[in-house]
1. Suppose R0 equals 35 Å. What FRET efficiency, 1/(1 + (r/R0)^6) with r the Cβ-Cβ distance, do residue 253 and residue 76 give to the nearest 0.05?
2. So for the pair residue 33, residue 6, with labels modelled 7 Å out along Cα→Cβ, what separation do we get in nm?
3. Share of antiparallel DSSP beta bridges in the chain, in percent to the nearest 5?
4. Once you've got the GNM for the chain with C-alpha springs shorter than 10 Å, pick whichever of 40, 288, 101 has the biggest mean-square fluctuation.
5. Apply the Karplus curve 6.51 cos²θ - 1.76 cosθ + 1.60, θ = phi - 60°, to the phi angles in the range 275-287 and return the couplings in whole Hz, x for Gly and Pro.
6. Between residue 16 and residue 291, what length comes free when the chain is fully extended (0.36 nm per residue of separation minus the Cα-Cα distance, one decimal in nm)?
7. Indicate, rounded to the nearest 5 percent, the antiparallel portion of the DSSP beta bridges found entirely in the range 98-234.
8. How big is the C-alpha Rg of the chain next to the rule-of-thumb value 2.2 N^0.38 Å, as a ratio?
Amino acid sequence: MDRLPRQCRQWVLARHPRGQVRDEDFALRTVPIEPLGEGEALARTMWLAFEPAMRGWLDDSRDRWGRTEGVGSPGYDVRVRPGDVVLGPAVASVVASRRSELHEGDVIRGLFGWRDHVRIGAGDPLVTLDPDVDIPLSLGVLGGNGLTAYAGLLRVGQAQPGNTVVVSGAAGSVGSVAGQIARIKGCRVIGIAGGPEKCAWLLDECGFNDCIDYRNTDVAVALRRLCPDSIDVYFDNVGGSILEVAIANMAVHGRIVLCGSVADYDAAATAAGPRNLFHVIARRVRMEGFLLVDHLDALGDARAELRQWVDSGRIAYRHDICEGFENVPSTFRRLFTGENRGKQLLRL
Ligand SMILES: NC(=O)c1ccc[n+]([C@@H]2O[C@H](COP(=O)([O-])OP(=O)(O)OC[C@H]3O[C@@H](n4cnc5c(N)ncnc54)[C@H](OP(=O)(O)O)[C@@H]3O)[C@@H](O)[C@H]2O)c1
């Protein structure tokens with residue numbers, strides 16, 4: 001107990017962001033660490049992981065999406081209020097424990113938030129990691145992102161060999177895995193990503209058949225050219241205008257997998273649309289939103305298959321690792337500027 005650090009640094013929400021998230025939306029605070037009570041433990045944060053959906057947690061209670069709070073949308077109905085420590089996934093190492101099942105050196109994972117030390121309460125649920133685990137992998141392709149890609153593409157999208165699959169946000173942590181699973185399953189895969197470097201990585205390392213650089217290309221023209229026989233599965237990570245263009249190119253009985261809507265998360269106002277939903281009717285397209293939590297029964301098989309593909313080099317991945325607690329807000333912003341190259345992490 002003598003070795004307990006005296007202070008903890010934490011990033012709190014200074015104000016609800018309006019539109020694009022800014023560094024000034026957050027404030028760095030130092031607070032004392034009180035002695036541990038019976039059943040409590042203290043852990044030092046080793047890694048923070050960043051997900052676009054965390055942006056929605058920072059909005060004020062006026063819910064710009066319509067009603068999602070309190071309707072059972074785990075992961076989307078979290079709220080952070082000014083003065084609260086910003087929530088986010090983290091991995092931490094136990095430095096002191098008065099909780100019987102936790103020992104110094106144990107590595108734990110949870111929604112610990114942006115703080116350099118986390119106090120674990122007596123009744124708090126725990127996920128303990130194997131000491132040999134590759135932490136970045138477990139937070140990315142072998143964690144929620146890879147599993148989301150797997151469940152979305154195969155269960156919701158019902159991708160079949162020979163299908164044409166289009167993935168937006170394709171160079172990201174979820175999108176790159178979704179596209180590679182489609183390739184492994186015998187689909188023709190077209191990615192949509194921002195910039196020539198991301199497209200080159202998808203073509204050269206991930207084995208996509210084609211890639212559209214949406215920042216420098218007319219996506220509508222490119223999709224029509226690349227998918228003359230239409231899209232069987234569209235795996236949507238971004239929403240917005242790209243979703244509308246994809247809808248216009250869907251095959252009869254095609255499937256649109258609504259995984260995320262990152263183009264809207266950081267926008268000042270949510271745009272109306274898509275304006276062409278009539279295509280969904282006329283072509284009998286199934287458009288389905290999903291959350292990973294609805295597919296927990298598939299996780300065992302999914303994890304085993306992903307592990308095999310990663311170990312055998314059939315799935316390429318990237319970790320984008322920033323350093324330094326002072327850089328937490330700027331690291332988060334990379335998800336919305338597109339600077340991140342793969343799973344966005346910060347190592348403390
Ligand atoms: N349904 C679920 O259960 C579930 C679970 C996890 C994640 N998700 C969703 O999956 C999506 C991808 O998450 P991720 O963790 O893999 O993030 P990510 O793709 O690694 O990072 C975000 C990427 O989004 C792109 N982006 C940002 N602003 C954009 C805009 N205005 N228009 C188009 N693209 C934009 C950027 O790539 P470019 O440079 O290519 O623009 C950026 O690199 C997110 O929407 C997330 O909410 C859903």
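1. The formula returns an efficiency of 0.75 here.
2. 1.3 nm
3. Within the chain, antiparallel bridges account for around 55 percent of the total.
4. Highest fluctuation among the options: 101.
5. 8, 10, 4, 4, 4, 5, 6, 4, 9, 6, 7, 9, 10
6. Roughly 96.5 nm would be gained on extension.
7. Here the antiparallel bridges make up roughly 20 percent for the range 98-234.
8. After normalising by residue count via 2.2 N^0.38 Å, the value is 1.03.
Throughout, read-outs are computed from the coordinates displayed, never taken from laboratory work. From a predicted model like this one, the values you see are computed outputs, not experimental measurements. Note that each Cβ is placed from the backbone with ideal geometry, even for glycine, and that neighbours are counted across all protein chains shown.
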